[in-house]
Amino acid sequence: MKKSRVLIMAAMLAAAVSCSSDRDQILKVYNWSDYIDESVLPEFEEWYEARTGESIKVVYQTFDVNETMLSKIEKGHEDYDVVCPSDYIIERMLNNGLLQPLDFASIPDEINYISLNKSPYIQGMFRDINPAIDANDYSVAYMWGTTGIIYNPAEVTAEEAGTWDIIRNPKFAGRILIKDAPRDVYGPVLIYLKQDELKSGKVTLQELMHDSSDESIAAVEAYLKQVKDGVLGWEADFGKEQMTKGRGVVSLNWSGDAVWAIEEAAEVGVDLAYVVPEEGSTVWFDGWVIPKYAKNIKAATYFIDFMCRPDIAIRNMEETGYVSANGAMEVLESQIDDECEPIDLSYFFGPEADSVCVDPVLYPDQAVIDRCALEHDWGQDTEKLLAMWSRVKGDNATGFTYVIIGLVVVAAAVLVIRKATSKNRRHKSSKRR
Ligand code: N2P
């Protein structure tokens, strides 16, 4: 009797374990680090269960570099259900058949937030990704922003920060931070190097975003090699903190990190500012997609929908400093700040938003947008860029490594000489005795 009870209990336990590892009850989310208010995740689990009657457990993982995420899916075929790549990676995934079309028809109307999410600007940018396939059918934008310079006005003038050349200005050597994001650095540097051609109309910003020629990669490499001696760090996420702590005074960074850094710095009495340099820059967005190897499409679809709920979008913005791609008026209203000058945001929220008091670091005005362009996938040429990037950063590491090796060799030589001398002395004194 006892034995059979044990067997029944073991069987029940096995069933429970197999049940809890049932893939239908797991949602694997792979997102950028520091890019969500994590308290929304358990809330999603409750919301999902209340709406569908099915339980779900979110398994949440983060990455710092687009290419790391891509490689896990492209080469590793990992079964993430929802990931959040940037525009040019969405393009690549789309071109390589790595994305599933999104289908929100199954979500009941009263909880379908996707339609609220649509901003005319973001929709248009998605359409520009690939003229042959509408990326709006495969991705829902999450956050967006620009690439620019965070600077410390106590040490850097607005004029100095207003050009990309600041990243090789010897005045700030040792206090310059560069985002460890090859495409987001390459774009601005190329724009800087080609500013004369841009001004004379020989080339357009959009054309530069497709320029993966050996000549341009070599020019950017040569420029970055001049930059690197002054670099305090190539960073994925620590740049904003280095700026708030005053260790860095210039940071090539994303607007969302700028918002976070400016707010944090203000709390400790440090003034920081952000500018998109005059020569032009890149505008970017990251969007939720369901990769080809996803296993829980239903929960993934609900998750993307939940992320579009305006109150959830606002919480994610408040927590991260990044700007939601959500075009709902509720989101705009949450960002009204009467201390700011009115700006025209009709391009983003529609005609009603032609004069709104909002922080221009969060939502750039039309003039900034006009000098920014979207990056595009380079296909096979991406490898050339990544090789250049590691040559630039790798050389740096090698220089440092040589210094360390040199110090170790000198220290070892000193030790050997000391030992030999003291042995000699002992030998001589014992002989004398
Ligand atoms: C936040 C990452 C932001 C990604 N840590 C910008 N594309």
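Going residue by residue through the stretch 99-117, is there one that turns out to be at pLDDT 90 or above, within 16 Å of the ligand (Cβ to nearest atom), under 30 Å from residue 379 (Cα atoms) and among the acidic types (Asp, Glu)? No; the residues of the stretch 99-117 include none that is at pLDDT 90 or above, within 16 Å of the ligand (Cβ to nearest atom), under 30 Å from residue 379 (Cα atoms) and among the acidic types (Asp, Glu). Among the conditions (1) within 23 Å of the chain's Cα centre (by Cα); (2) more than 25 Å from residue 283 (Cβ to Cβ); (3) buried (at least 19 other Cβ atoms within 10 Å of the Cβ), residue 48 misses just one, which is (1). Quickly run through the stretch 26-80 and pick out the residues that are over 22 Å from residue 113 (Cβ atoms), in contact (Cβ under 8 Å) with a residue 40 or more places away in the chain and within 16 Å of the ligand (Cβ to nearest atom). Scanning the stretch 26-80 gives 33, 34, 64, 65, 66, 67.
Residue count for the stretch 57-79, restricted to those that are under 22 Å from residue 236 (Cα atoms) and either not assigned by TED's automatic domain parsing to the domain that holds residue 299 or not hydrophobic (A, V, I, L, M, F, W, C) (or both): 10.
Do we find that residue 276 is under 30 Å from residue 157 (Cβ atoms), under 21 Å from the mean Cα position of the chain (by Cα) and away from the ligand (no atom under 16 Å from the Cβ) in this structure?
Working: under 30 Å from residue 157 (Cβ atoms): yes; under 21 Å from the mean Cα position of the chain (by Cα): yes; away from the ligand (no atom under 16 Å from the Cβ): no.
So residue 276 does not fit the description; no.
Looking only at residues that are of a type in the set (Gly, Ala, Ser) and under 21 Å from residue 315 (Cβ atoms) in the stretch 118-162, which one is modelled with the lowest pLDDT? Going through the qualifying residues, I end up with 119. Of the residues that make up the stretch 275-284, is at least one under 16 Å from residue 113 (Cα atoms) and acidic (Asp, Glu)? The answer is no, given that none of the residues of the stretch 275-284 is under 16 Å from residue 113 (Cα atoms) and acidic (Asp, Glu).
Do you know which residues across the stretch 364-380 are part of a strand (DSSP E or B) and either free of Cβ contacts under 8 Å to residues at least 12 places away in the same chain or over 19 Å from the mean Cα position of the chain (by Cα) (or both)? First the steps, then the outcome.
Looking only at the stretch 364-380, we keep the residues that are part of a strand (DSSP E or B), and these are 372-374.
Of everything in the stretch 364-380, nothing turns out to be part of a strand (DSSP E or B) and either free of Cβ contacts under 8 Å to residues at least 12 places away in the same chain or over 19 Å from the mean Cα position of the chain (by Cα) (or both).
Is it the case, given these coordinates, that residue 215 is in a helix (DSSP H, G or I), touching a helix residue (DSSP H, G or I) at 6+ places or on another chain (Cβ under 9 Å) and over 17 Å from residue 149 (Cβ atoms)? It is false that residue 215 is in a helix (DSSP H, G or I), touching a helix residue (DSSP H, G or I) at 6+ places or on another chain (Cβ under 9 Å) and over 17 Å from residue 149 (Cβ atoms). Which condition does residue 265 not pass, out of (1) among the small types (Gly, Ala, Ser); (2) in contact with a helix residue (DSSP H, G or I) (Cβ under 8 Å, 6 or more places away or on another chain); (3) touching a residue at least 24 places away in the same chain (Cβ under 8 Å), if it passes all the others? In the conditions (1) among the small types (Gly, Ala, Ser); (2) in contact with a helix residue (DSSP H, G or I) (Cβ under 8 Å, 6 or more places away or on another chain); (3) touching a residue at least 24 places away in the same chain (Cβ under 8 Å), residue 265 misses (3) alone. Taking (1) farther than 21 Å from residue 262 by Cβ; (2) out of contact with any Gly (no Cβ under 8 Å at 6 or more places or on another chain); (3) surrounded by fewer than 21 Cβ atoms within 10 Å (Cβ to Cβ) in turn, residue 299 satisfies each apart from (3).
The values are calculated or read from the model by the stated rules, or taken from the named source; none is laboratory data. Please read these numbers as outputs of a predicted model, since none were measured by experiment. Here Cβ is always computed from backbone atoms with ideal geometry, including for glycine, and neighbour counts include all displayed protein chains.
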